[in-house]
1. Here is a list: Val38, Val77, Val52. Which entry is surrounded by 11 or more Cβ atoms within 10 Å (Cβ to Cβ), in contact with a helix residue (DSSP H, G or I) (Cβ under 6 Å, 6 or more places away or on another chain) and modelled with pLDDT of 85 or more?
2. Test of understanding: among Pro102, Pro107, which residue is at pLDDT below 85 and within 32 Å of the chain's Cα centre (by Cα)?
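The values are calculated or read from the model by the stated rules, or taken from the named source; none is laboratory data. Predicted, not measured: the structure shown is a model, and the values here were computed from it. Note: ideal-geometry Cβ built from the backbone for every residue, glycine included; neighbour counts use all protein chains shown.
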Amino acid sequence: MVRAGISLPALLHLMGHAHIHTSALAQAAQRAGCTGRVTLHRLRHTYATEMVRLGISLPALMRILGHKDINMTLRYVEVVQLDLQREFHQARRNIASLHAIPQLPLPSPAVPAHTDLPTIREAIATVRHLLQLFHAELQDTAPAVNFDALSKDC
C-alpha cells in the first residue's frame with residue numbers, strides 16, 4: 001500500500017499515464033482562463049489550503065494528505081491576510097457567544113412620580129445619610145471639608 005490507500009500497481013499505472021493527465025490538466029486550466037502554470041502538485045496545495053479554510057483540522061488534513069509530520073502539512077497550507085482576519089472575527093464572535101452580557105432590569109426612575117414636601121425631605125435625608133457614610137472613607141481633608149459643607153446645607 002502506498003499513500004492515501006493507492007496500491008503500488010495502481011500508482012505505477014497512473015505514473016505511466018502522467019503525461020496524459022498533465023496534458024489534460026493544462027488544457028482544462030487554459031479553458032478555465034488560468035494564466036499561471038497549473039500542475040497536479042499545485043492543485044494538492046490548493047486543496048490543502050481550501051480544506052483548512054472550510055474548517056478541517058490540521059491533524060485530519062495531515063492524514064488525508066498522507067503526511068507523517070504536521071510540519072509538511074503546514075508547508076502545503078497558504079495562510080493569507082484575509083484568512084487571518086476571518087479567523088480573528090470568528091474567534092471574537094465565539095467569545096461573545098460564550099460570555100454574553102446579562103440583561104439587567106432598568107432601575108426605576110430617579111425622580112418620583114409626585115414631588116410633594118414629604119418626598120423631597122426623604123430624598124434630602126437619603127443624600128445626607130450617604131454623605132455621612134462616604135465622609136468616613138475620605139483620607140484627604142479637602143474633600144472632607146467639602147462634604148461637611150454639603151451635609152450642613154442639606
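1. Values: Val38 fails: modelled with pLDDT of 85 or more; Val52 fails: in contact with a helix residue (DSSP H, G or I) (Cβ under 6 Å, 6 or more places away or on another chain).
The conditions single out Val77.
2. Numbers: Pro107 fails: within 32 Å of the chain's Cα centre (by Cα).
Going through Pro102, Pro107 in turn, the sole match is Pro102.
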